[in-house]
Amino acid sequence: MAKQHSKIGTTFSIENDSTLYNGDCLELLKQMPDGVVDLVVTSPPYCMGKSYEDPKDDLRTFFDKHTELLPEIFRVLKDGGSMCWQVGYHVKNNVVTPLDFMVHEVIKHHPNKEIVENLVLRNRVVWTFGHGYNASQRFSGRHEVIMWYTKGKAYNFDLDSVRVPQKYPGKRHYKGDKKGEFSGNPLGKNPSDVWDIPNVKSNHVEKTEHPCQFPIAIPQRLIKALTPVGGLVLDPFFGSGASAVAAALEGRRFVGADTEKSYCETAIARTEAAFAGTIKYREDKPVYEPDPRQAVARRPGHFITNGEEEKA
């Protein structure tokens, strides 16, 4: 769906197909008119001392920055538009703080009463992934959270665009007026509020130099479900540009910011590749499960029990 010849700008213009601004997102937002954004989708810094963060930033910083940013996000978002905030956990000295709790706390106790009354939580989506840091003093973290809010009570949700394959497509009703008919929707089922999408690690086809990269499939699914073709997507912390790429792939316009010049350069290159149809990315499809007969799916010989030897 992406266009071959598209206008990518580094300063905001409503005419751009994609705007990738190198600078503070508040500076960018103040250049934008009211009510032009269909979807805000982002994963903000967790204030844990990553290379792109100020080492002095902490949970207080996270709370204060969100309090400052939300009025501008709310202002540029259309009535009926959506805001999807993907966050994980702030971890320090093995103490875990769920950042989705903090985001919701900022929204529901914000001094701007319009935000409190009009940002409505629709879903708390759990994003689960199979690989990551292996903890030794607690269970290994294998999920983060996407908070989906809408501006006001009326909103659009295109479920058909994001349906996933039925687990039992041949299942039929066994009694009642529909006995014998197929019981599942032929277009597929609702993907639910638990999404199994691989995170971007060293061998992932999308991997760049960014240390905490967002998989394209997450913003892509949200963009398809929550925006019209040609709509405008905003990411105030675009990092390596996953949301910009997803918008380009789905025929939506994009605007976003990042303070790191090298990440902006990467995001521009990836967005150009998306428009040209040459971007490498993992499609939003079920996670591959190895055949149990493959060597990679079997335990090493010195761990095999007699029972497993018999099955082999």
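The values are calculated or read from the model by the stated rules, or taken from the named source; none is laboratory data. Everything numeric here is computed off the predicted structure, so don't read it as measured data. Cβ atoms come from the backbone with ideal geometry, glycine included; neighbour counts cover every protein chain shown.
Of note:
- Scope region 129-160; condition of a type in the set (Ser, Thr, Tyr) and surrounded by 14 or more Cβ atoms within 10 Å (Cβ to Cβ); matching residues: 149, 150, 155
- For region 11-52, the tally of residues that are in a loop (DSSP other than H, G, I, E, B) and either in contact (Cβ under 8 Å) with a residue 24 or more places away in the chain or of a type in the set (A, V, I, L, M) (or both) stands at 21.
- Single residue of region 161-204 satisfying the filter (touching a Ser or Thr at 6+ places or on another chain (Cβ under 9 Å) and not in a loop (DSSP other than H, G, I, E, B)) that is surrounded by the most Cβ atoms within 10 Å (Cβ to Cβ): 195
- Filter result (at pLDDT below 95 and basic (Lys, Arg)) within region 102-142: 138, 142
- Residues in region 68-96 that are part of a strand (DSSP E or B), at pLDDT below 95 and either of a type outside the set (Lys, Arg) or buried (at least 18 other Cβ atoms within 10 Å of the Cβ) (or both): 89, 90, 91, 95, 96.
- Selection of region 256-269 for residues being in contact (Cβ under 8 Å) with a residue 40 or more places away in the chain and either among the acidic types (Asp, Glu) or under 11 Å from residue 20 (Cα atoms) (or both) yields 256, 257, 258, 259, 260, 261, 263, 264, 266, 267, 268.
- Scanning region 97-119 for residues that are assigned to a strand (DSSP E or B) and surrounded by fewer than 15 Cβ atoms within 10 Å (Cβ to Cβ) yields a count of 2.
- A residue that is surrounded by 21 or more Cβ atoms within 10 Å (Cβ to Cβ) and part of a helix (DSSP H, G or I) cannot be found anywhere in region 250-259.
- Single match in 189, 151 (criterion: of a type outside the set (Gly, Ala, Ser) and farther than 30 Å from residue 212 by Cβ): 189
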